[in-house]
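Chemist: Take this structure, written in structure tokens, and hold onto it; I'll ask about it next.
The values are calculated or read from the model by the stated rules, or taken from the named source; none is laboratory data. Since the structure is predicted, the reported quantities are computational estimates derived from the model, not experimental observations. Every residue, glycine among them, receives a Cβ derived from its backbone with ideal geometry; neighbour counts consider all protein chains shown.
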Amino acid sequence: QYLQKTFNELASQRPRKSNAINFTYGTSGFRMDSSKLDIPLFATALITFLRSLYCNKFIGIMITASHNPPQDNGFKTIEPKGEMLPHSWESYVTSIANSVYENDYLKFEANMLNIIDTIFKACPLEKKDTSLRIILGRDTRSSSLPFANFLNDFFTNLTTLKTENVIVLDYGIVTTPQLHFIVRKHTADNIFEQMDLTKEYFDAFFIPFIKLLSKVANLQSFNTLIIDCANGVGALQLEKLLPLYEKHSPQLKLELINTNYQDCSKLNVECGADFVKTNQKLPGGISEEFANNPNFLFCSLDGDSDRIIFYCLTADKKFCLLDGDKMATLIGEFFIEKLPAPLLESIKLGIVQTAYANGSSTAYIKDVLKLDARCAKTGVKNLHHDAVENFDVGIYFEANGHGTVIFNDKFMQALSKYKLEEFELFISLINQAVGDAITDLFIVVIILLLLKLDPRDWFKKYDDLPNTLIKCVVPDRSEFETFDNERQLSKPIGLQEMIDQIVNETNNSDKKNRCFVRASGTEDVVRIYCESSKQENLTIITTKVLEAIK
Ligand code: NG1
Ligand code: ZN
């Protein structure tokens with residue numbers, strides 16, 4: 001009854017859905033052109049409200065569309081321990097968004113009550129000790145502030161809850177991983193007041209980084225890291241954090257470029273991790289001459305700083321992309337090198353990738369590193385779960401630079417017996433909650449410096465197979481259904497057989513051709529990925545596959 005009353009109140013604020021758009025809360029939440037987000041915003045508010053009551057803990061909402069163009073935006077709900085919304089709740093929120101119809105309040109209410117009933121059957125609420133605890137964060141997009149204001153008002157104006165039972169903390173413009181981190185911290189330390197995020201984040205990750213840097217006798221592989229901030233939130237946050245870093249007079253210089261986050265139209269444009277990975281070239285703001293400096297290493301963050309891509313140029317100006325696959329293998333190699341053999345033998349150490357991982361990286365993991373390589377569906381959430389389920393130490397990265405490392409108690413207990421001080425410090429650099437561009441940056445830099453590995457030699461560890469990733473606009477992308485972790489299509493019927501035939505007829509003796517098609521979860525397109533040992537095969541295959549799709 002109490003919930004029904006609250007919902008009547010909330011529902012009276014609901015926006016109207018004027019045309020039949022189908023909303024999906026995917027692995028990165030809701031994401032689309034910001035002008036179409038009113039209903040998803042409302043649905044996100046409702047599900048976060050329910051989730052907070054259900055968990056009786058802090059729940060976060062991040063407003064961002066990551067690497068998407070400036071006009072897009074999106075919402076993601078963050079769990080008390082920094083994880084993403086459970087799968088079953090993704091369907092609830094999707095269902096809420098799709099039941100808000102113009103002039104059909106009854107249908108909406110019936111659906112809402114059904115959902116509430118399903119959710120709370122397992123866990124009846126006791127009104128008196130139930131409180132609403134919400135944490136908000138947003139990126140630099142111009143649409144992000146109005147969305148944050150709506151959410152602030154939405155939660156603070158609820159009159160059915162006693163005001164002392166409502167806590168809404170707005171952290172303003174933060175990176176996505178920072179919001180995951182602070183939600184996790186509020187939960188772990190049971191803190192109800194707003195914290196100093198810059199200080200907490202600095203203490204958690206920059207301090208161990210500085211300590212590890214001081215253990216490197218002299219910087220051999222490079223001495224300056226140029227960070228392309230994609231003109232997004234990474235710039236704003238790093239501009240706050242770097243003065244604190246510099247106070248410690250570290251040997252490694254960190255320099256920021258593409259920092260114009262005030263001009264929202266520049267976000268992710270000709271710069272950032274997605275631009276560099278897709279185009280395999282330097283972003284705006286770095287000239288070739290600059291990139292040729294052997295003492296410099298380069299990296300690009302994406303629009304909300306949860307992904308990172310490294311790169312450098314060889315002496316003959318060849319662009320060397322050091323992507324998520326290269327990071328995963330580097331981290332794997334570091335664990336193998338630094339952990340004592342008996343410890344390594346006693347734990348399950350492995351790498352989780354997606355179908356987009358370059359075939360050479362998978363072969364390198366299996367044949368050279370002799371580690372288990374698993375394939376999960378696109379979306380870090382899927383990789384995260386796969387890593388947790390299958391490994392004691394799970395390294396997971398999408399090729400586009402989104403990932404992290406997770407480890408369990410078994411590993412930590414085993415590690416504690418060896419008193420590996422430096423390695424334990426290294427472990428504390430890892431943001432286990434979520435892929436984090438800033439902490440991934442620290443991990444990679446420390447590994448390169450401790451191993452005295454030149455970035456060009458890191459690049460040479462294995463040669464990527466030539467590959468291409470293209471988009472295709474189709475009338476209805478929901479018609480594309482996959483299996484085998486997205487590597488094959490079950491629908492439209494017959495298309496997979498056609499792709500197989502196209503791939504086989506151009507295959508070389510090495511049989512390295514690979515091509516798959518799947519619907520994007522973040523854009524209204526299907527993606528076609530293709531790799532082959534021969535560059536010229538790529539156009540032949542993708543042209544034919546495009547024809548088959550159309
Ligand atoms: P979709 O649009 O579902 O392919 C893209 C990326 C994912 C992931 C999500 C979320 C590719 C091929 N896909 O997903 O890896 O990062 O965005 O940001 O890069
Ligand atoms: Zn992102």
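Chemist: Among the residues of the stretch 471-478, are any within 16 Å of ligand 1 (Cβ to nearest atom) and either of a type in the set (Phe, Trp, Tyr) or within 30 Å of Val444 (Cβ to Cβ) (or both)?
Modeler: yes
Chemist: Of the residues Asp306, Asp274, which single one is within 16 Å of ligand 1 (Cβ to nearest atom), more than 17 Å from Pro455 (Cα to Cα) and not in a loop (DSSP other than H, G, I, E, B)? If you could, list the steps in order and put the result at the bottom.
Modeler: Values: Asp306 fails: not in a loop (DSSP other than H, G, I, E, B).
That would be Asp274, the only listed residue that is within 16 Å of ligand 1 (Cβ to nearest atom), more than 17 Å from Pro455 (Cα to Cα) and not in a loop (DSSP other than H, G, I, E, B).
Chemist: Looking at (1) more than 16 Å from ligand 1 (Cβ to nearest atom); (2) within 17 Å of Val445 (Cβ to Cβ); (3) in a loop (DSSP other than H, G, I, E, B), which is the only condition Leu241 fails?
Modeler: Condition not satisfied by Leu241: (3).
Chemist: Can Leu343 be described as under 30 Å from Arg141 (Cβ atoms) and either among the aliphatic types (A, V, I, L, M) or at pLDDT below 95 (or both)? If you could, list the steps in order and put the result at the bottom.
Modeler: Numbers: under 30 Å from Arg141 (Cβ atoms): no; either among the aliphatic types (A, V, I, L, M) or at pLDDT below 95 (or both): yes.
Spelling it out, it is not the case that Leu343 is under 30 Å from Arg141 (Cβ atoms) and either among the aliphatic types (A, V, I, L, M) or at pLDDT below 95 (or both).
Chemist: Have a look at Gln178, Gln194 and point out the one that is assigned to a helix (DSSP H, G or I) and either of a type in the set (Val, Ile, Thr) or at pLDDT 95 or above (or both).
Modeler: Gln178
Okay, residues lined up against (1) of a type in the set (A, V, I, L, M); (2) in a helix (DSSP H, G or I); (3) without any contact (Cβ under 8 Å) to a residue 12 or more places away in the chain; (4) in the same structural domain as Ala519 (by TED's automatic domain parsing):
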{"position": "Gln432", "(1), (2), (3), (4)": "no, no, no, no"}
{"position": "Leu449", "(1), (2), (3), (4)": "yes, yes, no, no"}
{"position": "Tyr462", "(1), (2), (3), (4)": "no, no, no, no"}
{"position": "Lys471", "(1), (2), (3), (4)": "no, no, no, yes"}
{"position": "Pro475", "(1), (2), (3), (4)": "no, no, yes, yes"}
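Chemist: Write out, first by first residue and then by second, each pair whose Cβ atoms fall under 7 Å of each other, whose residues are 6+ apart or on separate chains, and whose first residue, in the stretch 317-344, is of a type in the set (Val, Ile, Thr) while the second is in a loop (DSSP other than H, G, I, E, B).
Modeler: Close Cβ pairs (under 7 Å, with a partner that is in a loop (DSSP other than H, G, I, E, B)) amount to Thr329/Leu369; Thr329/Lys461; Ile336/Leu369.
Chemist: Can you tell me which residue is surrounded by the fewest Cβ atoms within 10 Å (Cβ to Cβ) among those in the stretch 420-448 that are within 17 Å of Gly401 (Cα to Cα) and of a type in the set (Asp, Glu)?
Modeler: Asp436
Chemist: Test Ser249 against the criterion of being among the polar types (S, T, N, Q), surrounded by fewer than 21 Cβ atoms within 10 Å (Cβ to Cβ), within 25 Å of Val216 (Cβ to Cβ) and away from ligand 1 (no atom under 16 Å from the Cβ), and give yes or no. Give the steps one after another, and end with the answer.
Modeler: Details: among the polar types (S, T, N, Q): yes; surrounded by fewer than 21 Cβ atoms within 10 Å (Cβ to Cβ): yes; within 25 Å of Val216 (Cβ to Cβ): yes; away from ligand 1 (no atom under 16 Å from the Cβ): yes.
For Ser249, the condition - among the polar types (S, T, N, Q), surrounded by fewer than 21 Cβ atoms within 10 Å (Cβ to Cβ), within 25 Å of Val216 (Cβ to Cβ) and away from ligand 1 (no atom under 16 Å from the Cβ) - is met.
Chemist: For the stretch 23-49, which residues satisfy the criterion of being away from ligand 1 (no atom under 16 Å from the Cβ), over 12 Å from Phe147 (Cβ atoms) and either touching a Pro at 6+ places or on another chain (Cβ under 7 Å) or basic (Lys, Arg) (or both)?
Modeler: The answer is Lys36, Ile39.
Chemist: Can you tell me how many residues within the stretch 500-549 are under 14 Å from Val474 (Cα atoms), in a helix (DSSP H, G or I) and not small (Gly, Ala, Ser)?
Modeler: Summing the residues that are under 14 Å from Val474 (Cα atoms), in a helix (DSSP H, G or I) and not small (Gly, Ala, Ser) in the stretch 500-549 gives 4.
Chemist: Next up: Give all pairs with beta carbons closer than 7 Å in which a residue from the stretch 49-75 that is in a strand (DSSP E or B) meets a residue that is near ligand 2 (Cβ under 10 Å from one of its atoms) and among the acidic types (Asp, Glu); count only pairs at least 6 apart in sequence or on separate chains.
Modeler: Ile63/Asp139
Chemist: Here's a follow-up. List the residue pairs whose Cβ atoms are under 9 Å apart, where the first residue sits in the stretch 23-38 and is in the same structural domain as Ile61 (by TED's automatic domain parsing) and in a helix (DSSP H, G or I), the second is away from ligand 2 (no atom under 13 Å from the Cβ) and β-branched (Val, Ile, Thr), and the two are 6 or more positions apart or on different chains.
Modeler: As it stands, the answer is Lys36/Ile21, since those pairs meet every condition given.
Chemist: Please find, within the stretch 372-406, the residue that is nearest to ligand 1 (Cβ to nearest atom) out of those that are surrounded by fewer than 22 Cβ atoms within 10 Å (Cβ to Cβ) and closer than 22 Å to Ala341 by Cβ.
Modeler: Checked the stretch 372-406; the qualifying residue nearest to ligand 1 (Cβ to nearest atom) is Ala373.
Chemist: Take the residues in the stretch 397-416 that are away from ligand 2 (no atom under 16 Å from the Cβ) and in contact (Cβ under 8 Å) with a residue 60 or more places away in the chain, then tell me which one is nearest to Val352 (Cα to Cα).
Modeler: Looking only at the stretch 397-416, we keep the residues that are away from ligand 2 (no atom under 16 Å from the Cβ), and these are 405-416.
Keeping just the survivors that are in contact (Cβ under 8 Å) with a residue 60 or more places away in the chain gives 405, 410-411, 414-415.
Values: Val405: 10, Lys410: 19, Phe411: 18, Ala414: 22, Leu415: 22 Å.
Among those that are away from ligand 2 (no atom under 16 Å from the Cβ) and in contact (Cβ under 8 Å) with a residue 60 or more places away in the chain, it is Val405.
Chemist: Could you run through the stretch 63-76 and say how many residues are more than 13 Å from ligand 2 (Cβ to nearest atom) and buried (at least 24 other Cβ atoms within 10 Å of the Cβ)?
Modeler: Residues meeting the conditions: 1.
Chemist: Further question: Of a type in the set (D, E, K, R) and at pLDDT 95 or above: does that describe Asp500?
Modeler: Working: of a type in the set (D, E, K, R): yes; at pLDDT 95 or above: yes.
For Asp500, the condition - of a type in the set (D, E, K, R) and at pLDDT 95 or above - is met.
Chemist: Moving on to the next point. Thr378 versus (1) within 16 Å of ligand 2 (Cβ to nearest atom); (2) over 25 Å from Ser66 (Cβ atoms): which is the lone unmet condition?
Modeler: It fails just one condition, (2).
Chemist: Now a separate question. Out of the residues in the stretch 309-335 that are over 20 Å from Glu398 (Cβ atoms) and either assigned to a strand (DSSP E or B) or modelled with pLDDT of 95 or more (or both), which is farthest from ligand 1 (Cβ to nearest atom)? Reasoning before the result, please.
Modeler: So the first thing to find is which residues in the stretch 309-335 are over 20 Å from Glu398 (Cβ atoms), and the list is 312-319.
Filter once more, so that each one left must be either assigned to a strand (DSSP E or B) or modelled with pLDDT of 95 or more (or both): 312-313, 319.
Working: Cys312: 22, Leu313: 24, Phe319: 19 Å.
The residue in question is Leu313.
Chemist: Now for a different question. For the stretch 284-305, give me the residue count where each residue is more than 16 Å from ligand 2 (Cβ to nearest atom), in contact with an Asp or Glu (Cβ under 8 Å, 6 or more places away or on another chain) and in contact (Cβ under 8 Å) with a residue 40 or more places away in the chain.
Modeler: The number of residues fulfilling the criteria is 3.
Let's see how each residue does on (1) modelled with pLDDT of 95 or more; (2) closer than 19 Å to Ser305 by Cα; (3) surrounded by 17 or more Cβ atoms within 10 Å (Cβ to Cβ); (4) out of contact with any Cys (no Cβ under 9 Å at 6 or more places or on another chain):
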| residue | (1), (2), (3), (4) |
| --- | --- |
| Tyr245 | yes, yes, yes, yes |
| Glu270 | yes, yes, no, yes |
| Leu282 | yes, yes, yes, yes |
| Gly285 | no, yes, yes, no |
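Chemist: Any idea which residue in the stretch 277-303 is nearest to ligand 1 (Cβ to nearest atom), counting only those that are under 17 Å from the mean Cα position of the chain (by Cα) and not in a helix (DSSP H, G or I)?
Modeler: First, pick out the residues of the stretch 277-303 that are under 17 Å from the mean Cα position of the chain (by Cα): 277-278, 299-303.
If we keep only those that are not in a helix (DSSP H, G or I) as well, we get 299-303.
Numbers: Cys299: 17, Ser300: 14, Leu301: 13, Asp302: 8, Gly303: 10 Å.
This residue is Asp302.
Chemist: Out of curiosity, is Asp316 acidic (Asp, Glu) and surrounded by fewer than 19 Cβ atoms within 10 Å (Cβ to Cβ)?
Modeler: Answer is yes for this residue.
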